[in-house]
Structures are given as structure tokens and as C-alpha cells.
Amino acid sequence: ALADTLDFISYMTYAQHTGGSTPGPVAGFPWMEASLRYVLSLGVPPSKVSLGIPAYSDYWFSAYDSTSGARVRGDDISYPSLMAMMAKAGVKPEWDGVQKAPFAMWESHGVFELAWLEDARAFKAKLALVRKHKLRGYSVWLLGLEDPATWNIIGRVTR
């Protein structure tokens, strides 16, 4: 089997929603866990799985171009940039206990903008899946866009 030939796999459980999809969490907790359970159900040993945890946030806004017309567009964005944008708009993110990630929506020039954030609290919640399923470890995508408080959490995971 393929799993027998690999030392480990980095299982990328992020990009559940993207700039080209409907707005939603970068990696909602139920989706991450269901994805992980699926790969484990295929016989991949937990000791060979490195869970991919996102460190970037997503931001959706209205856009217009002559080819596509009006539409919602999304972009990956750094946590500090998004927090500055939300501070300017006077909005604070709210925690979604099911998705285990904060989100925010605000009005700008008569239209709504939406963001799903991956902050240190979300990182910690998703990191718990590594311990719960006794995985090899975790990988982070994309360093440099993270909530600075995430560095208080990143480190060796003991099984």
C-alpha cells in the first residue's frame, strides 16, 4: 500500500473555503476532523500523518470587472492586516464554537465584507486533533501570515 512506502504525509486540512468559493472558514473544525477521520479510515497509520494547520485568514469583498460583472471575491490575508482592517471598520471578530474559528462581517460603502480568521485560539483548538488522534505531528501553512500569539503555542507536540 502507498502508506507503507511513505515515511509520513503532510495532510493539508485547510482551504475548505477559498477566494473562489462561497465564504466560510479557512478550515472549519468539523471539516478538518471529518477529513482526518477519512484518511485514517483508508488505513494510513496515525504515526505517518502530519496535520496541516492554517496560519492565514480569508477575507471576502464585493468586486466588479467588465468580464464577470459584480461578484464576491476572496483573498488570503495575514492576521495582522485583517485585524487592522477590522479595527478601522470598528468591528471585532466573534468566536464560532462549532467551527472553532473567529469571524466578522461589516458594512463598507453600502456592501458587506466578511472574514474568517485563523488566530492563536483557532490554532490551539485544531492542534488538539494531533493529540486526540495520536498523529506524527503537524505542519503550518503559511508562516508569516499568522497571529503573532500563535508562536506561544507552536512547538513540539508530545503524543
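Largest first, the residues ARG37, ARG136 sort by 1.4 Å accessible area into ARG37, ARG136. Backbone amide hydrogens, once placed in the peptide plane, bring VAL140 within less than 5 Å of ILE53, excluding anything fewer than 5 places away on its chain.
Using the Karplus relation 6.51 cos²θ - 1.76 cosθ + 1.60 with θ = phi - 60°, the per-residue 3J(HN,Hα) values for the range 72-85 come to 8, 10, x, 9, 6, 8, 6, 4, x, 5, 5, 5, 5, 4 Hz, with x marking Gly and Pro. In the full protein assembly as shown, how much of ASP76 is accessible to a 1.4 Å probe, in Å² to the nearest 10? ASP76 has an accessible surface of roughly 100 Å² with all protein chains in place.
When the C-alpha to C-alpha distance is required to be over 18 Å, the pairs from LYS100/LYS132; LYS100/LYS134; LYS48/LYS132; LYS100/LYS124 that qualify are LYS100/LYS134.
How big is the dipole moment of the chain about its Cα centre under a simple scheme where the beta carbon of each Lys and Arg is +1, that of each Asp and Glu is -1, and everything else is neutral? Debye, nearest 20, please.
Working: 16 positive and 15 negative charges, 159 e Å.
Value, rounded to 20: 760 debye.
Determine, from the Cβ-Cβ distance of ILE153 and TRP106 and an R0 of 22 Å, the FRET efficiency 1/(1 + (r/R0)^6), rounded to the nearest 0.05. Let's see the in-between values first.
Numbers: r = 28 Å, r/R0 = 1.26.
Step by step, r from the Cβ atoms, then E = 0.20.
With a cut-off of 13 Å between beta carbons, the residues surrounding THR18 carry a summed charge of -2, where Lys and Arg count +1 and Asp and Glu -1. Based on protein heavy atoms only, the chain ends up with 55 Å² per residue of surface accessible to a 1.4 Å probe.
Taking 8 Å as the Cα distance limit and 6 or more residues as the minimum spacing, I'd like the relative contact order of the range 1-97 as a percentage.
On the way: 113 pairs, mean separation 27.1, N = 97.
Reported as a whole number, the value is 28 percent.
Could you tell me which residue out of LEU36, LEU142, THR67 lies farthest along the dipole of the chain toward its positive end? Charges go on the beta carbon: Lys and Arg +1, Asp and Glu -1, centred on the Cα centre. Positive-end residue among those listed: LEU36.
Report, in debye and to the nearest 20, how large the dipole of the range 87-159 comes out about its Cα centre when Lys and Arg carry +1 and Asp and Glu carry -1 on their Cβ.
Numbers: 12 positive and 8 negative charges, 160 e Å.
For the range 87-159, the charge dipole is close to 780 debye.
Expressed as a whole percent, the accessible area of the chain that falls on carbon and sulfur atoms is 56 (1.4 Å probe). Counting Lys and Arg as +1 and Asp and Glu as -1 over every other residue whose Cβ lies under 14 Å from the Cβ of ILE53, the net charge comes to +2.
The values are calculated or read from the model by the stated rules, or taken from the named source; none is laboratory data. The model shown is predicted, which means the values in this text are computed figures rather than measured ones. Using ideal geometry, Cβ is built from the backbone for each residue, glycine included, and neighbour counts are taken over all protein chains shown. Protein only, heavy atoms only, side chains kept; ligands, DNA and RNA dropped before computing areas. Shrake-Rupley method; radii C 1.70, N 1.55, O 1.52, S 1.80 Å.
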